[in-house]
Structures are given as structure tokens and as C-alpha cells.
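One structure below.
The values are calculated or read from the model by the stated rules, or taken from the named source; none is laboratory data. Owing to the predicted nature of the structure, the values given are computational and were not obtained by experimental measurement. Here the Cβ positions follow ideal geometry from the backbone for every residue, glycine too, while neighbour counts run over all protein chains shown.
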Amino acid sequence: MKIAIFGKSISQEFHIHIVELIDRLKSEKVEISIYLPFFNIIKSVCSLNEVDCSFFSTPFECPDDINFLVTIGGDGTFLESILFLKSSDIPAIGINTGRLGYLATIARDEISKAFDAIFSNNYKLEERSLLRVETDIDLFDGYNFALNEVTIQKIDSSLLSIDTWINGEFLNTFWTDGLIIATPTGSTAYSLSVGGPIVMPGSCNFTIAPIASHNLSVRPIVVHDNVVIEAQVKSRNDKYLLTADNRTHILNVSERKLTIRKTKFILKLLILPYNSYFNTLRNKLMWGMDKRN
């Protein structure tokens with residue numbers, strides 16, 4: 001088995017857990033490839049034994065023959081790690097050292113149990129759809145896809161006017177601070193904070209949700225994920241902000257329409273037997289908990 005490890009930083013309380021993880025992988029004779037800047041951080045703060053491993057520093061250097069990618073951090077780190085999968089079929093799983101952990105679902109005290117399940121092949125793979133955003137210029141150095149959402153946002157106090165089409169048919173002009181186009185995975189992220197619905201992964205839908213709409217009757221809409229969404233932005237300011245997950249790009253309103261559609265590739269999440277989508281919802285959204293006291 002060959003596993004790649006990606007991370008950006010490591011908190012002091014997680015030092016013991018990263019050593020535990022690497023020692024466990026070594027004991028199982030796993031080939032390890034580690035993101036080099038992250039390895040340098042680990043070496044500088046942890047009492048790490050000699051590790052026989054390879055390294056990668058860019059998405060192009062990440063090995064193609066790994067069985068899966070492990071991320072160490074929060075959901076933001078997990079989103080960034082997707083670039084290293086290079087549109088491949090390599091599954092990903094996250095160890096959560098952050099706060100929420102919708103995507104990075106392995107808690108630090110569950111590392112041993114998680115890898116017991118992995119090494120006994122007691123897991124399943126869940127497919128997640130992604131969005132792709134295009135215009136007449138190169139966006140995000142070619143990494144113009146998103147697991148959570150693509151957003152169009154204002155960069156000053158002026159409202160945006162966003163003309164929107166679905167499969168060539170005019171939908172609406174959104175007078176708003178911005179627009180969120182979210183996958184089911186992203187329905188519990190930014191979209192949820194503006195009143196968008198929670199959409200179960202695998203539902204084959206995207207959500208279009210305005211941010212602080214000037215028209216109160218305009219609500220989020222759920223569309224099939226096989227549609228092509230087009231958007232033309234107008235503003236008193238000649239610029240606006242476009243995001244794809246945690247990547248940002250400033251565009252001129254004079255640019256041609258944005259085209260947003262489902263990518264041809266999917267992301268595979270490694271799901272452990274004691275984790276489930278509904279269990280994550282209950283825990284992360286604290287459903288059923290009385291917080292009045």
C-alpha cells in the first residue's frame with residue numbers, strides 16, 4: 001500500500017498524533033509520500049524517528065500510484081488537497097485538527113481505529129461531484145474547479161447585478177451582494193449560511209443561492225447538476241470577486257459570461273464504517289442539543 005500525506009500546519013497538541021500516525025504506517029510497511037513543506041514543519045516540532053519516504057511539493061509531483069491521500073488539518077486543508085489529486089480516481093480522507101470537520105472526518109483520538117478499518121478494507125468509497133467555472137481567460141492557473149462552491153461576490157459597497165441563464169434560458173437578474181453556486185457537498189458550507197437547503201450527496205443537484213438579495217422574494221433554487229449555468233455580472237465598480245472553494249480571482253465586469261457546469265471527473269471520499277453523512281450532520285450542526293443553558 002502507498003499513501004500520500006498532505007498538510008499545511010500542525011498544532012502543538014497534535015504533535016503526538018502525527019508521530020503516532022507515521023509510526024503506524026511504518027509498522028504496516030506502507031510506502032509513504034509526504035508534502036515536503038509539511039514534512040519540514042513536522043521535523044522542526046516533533047521528535048520523529050527516521051522515516052523512509054518520498055516527497056512532493058507541487059500537484060505535478062504527487063505520485064499517481066498512491067492508494068489514497070490523507071490530509072491533516074481542517075476542511076480548508078482538505079479542499080486545497082484536491083489540487084494534488086489531479087482529477088484522478090485516488091480517494092481522499094481527512095484527519096481533522098480544525099473545528100467543524102465536514103470533510104476531514106477523522107478525529108485525532110480516532111486515528112488508530114480509522115486505520116484499523118482501512119487496513120482491513122472495512123470502508124466504502126463515496127463519489128462527490130464538483131463544479132467547473134470558465135470564461136474567456138485562464139482562471140486559477142487551470143485549477144478552476146470546486147468541491148464546495150463557486151461564488152460571485154462584490155468587492156465594495158455597490159450591489160452586483162447578475163444576469164443568470166440555465167441551459168440558455170433566462171432565469172433571473174439577481175440584485176445582490178453575490179451569488180453562490182454550490183454542490184451537495186457545499187450545501188453545508190457557505191450556501192447554508194445564506195439560507196440554502198441541505199442537499200444530500202448523490203442527489204445530482206446544484207444550489208443557486210443569492211447573498212443578501214435586494215429582492216426579498218428571491219430565494220435559493222435547486223437545479224439538476226446536468227445543467228449549464230451562465231452568469232453575466234454588472235456593477236458600478238468595474239471589478240468583482242470570483243471564488244472556487246478557497247481560491248480567488250478578481251475579474252472585470254467587461255469579461256464575457258461565466259459558464260459553470262459539472263466537471264467530468266468526480267472526487268472519491270473514503271468513508272469509514274462508523275461515519276455517515278447523517279451522523280456528521282447531527283454532530284456538526286448539534287441537532288437535538290439544547291443550547292439554551
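Name every residue in the range 77-102 that is hydrophobic (A, V, I, L, M, F, W, C) and surrounded by 21 or more Cβ atoms within 10 Å (Cβ to Cβ), in order of residue number.
Once the filter is applied, which keeps residues that are hydrophobic (A, V, I, L, M, F, W, C) and surrounded by 21 or more Cβ atoms within 10 Å (Cβ to Cβ), the range 77-102 yields Phe78, Leu79, Ile82, Phe84, Leu85, Ala92, Ile93, Ile95.
For residues that are more than 19 Å from Asp177 (Cβ to Cβ) and among the hydroxyl-bearing types (Ser, Thr, Tyr), scanning just the range 225-269, find the one that is modelled with the lowest pLDDT.
This residue is Ser254.
Every residue, every condition in (1) assigned to a strand (DSSP E or B); (2) hydroxyl-bearing (Ser, Thr, Tyr), yes or no:
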| residue | (1), (2) |
| --- | --- |
| Asp141 | no, no |
| Val150 | yes, no |
| Ile155 | no, no |
| Ser158 | no, yes |
| Ile162 | yes, no |
| Trp165 | yes, no |
| Leu171 | yes, no |
| Phe174 | yes, no |
| Ile180 | yes, no |
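Might you check whether a residue that is of a type in the set (A, V, I, L, M, F, W, C), in a loop (DSSP other than H, G, I, E, B) and in the same structural domain as Ser193 (by TED's automatic domain parsing) occurs anywhere in the range 225-240?
yes
Across the range 245-280, which residue is surrounded by the most Cβ atoms within 10 Å (Cβ to Cβ) among those that are touching a helix residue (DSSP H, G or I) at 6+ places or on another chain (Cβ under 7 Å) and not in a loop (DSSP other than H, G, I, E, B)?
Leu267
If I ask for residues that are in contact (Cβ under 8 Å) with a residue 12 or more places away in the chain, of a type outside the set (A, V, I, L, M) and farther than 21 Å from Ile66 by Cα, which ones from the range 97-109 would you list?
Thr97, Gly98, Arg99, Gly101, Tyr102, Arg108 - these are the residues of the range 97-109 that are in contact (Cβ under 8 Å) with a residue 12 or more places away in the chain, of a type outside the set (A, V, I, L, M) and farther than 21 Å from Ile66 by Cα.
Pull out all pairs, ordered by first then second residue, where Cβ-Cβ is under 6 Å, the residues are six or more apart or on different chains, the first lies in the range 30-46 and is closer than 17 Å to Phe14 by Cβ, and the second is of a type in the set (Phe, Trp, Tyr).
These pairs meet every condition: Ile34/Phe55; Tyr35/Phe6.
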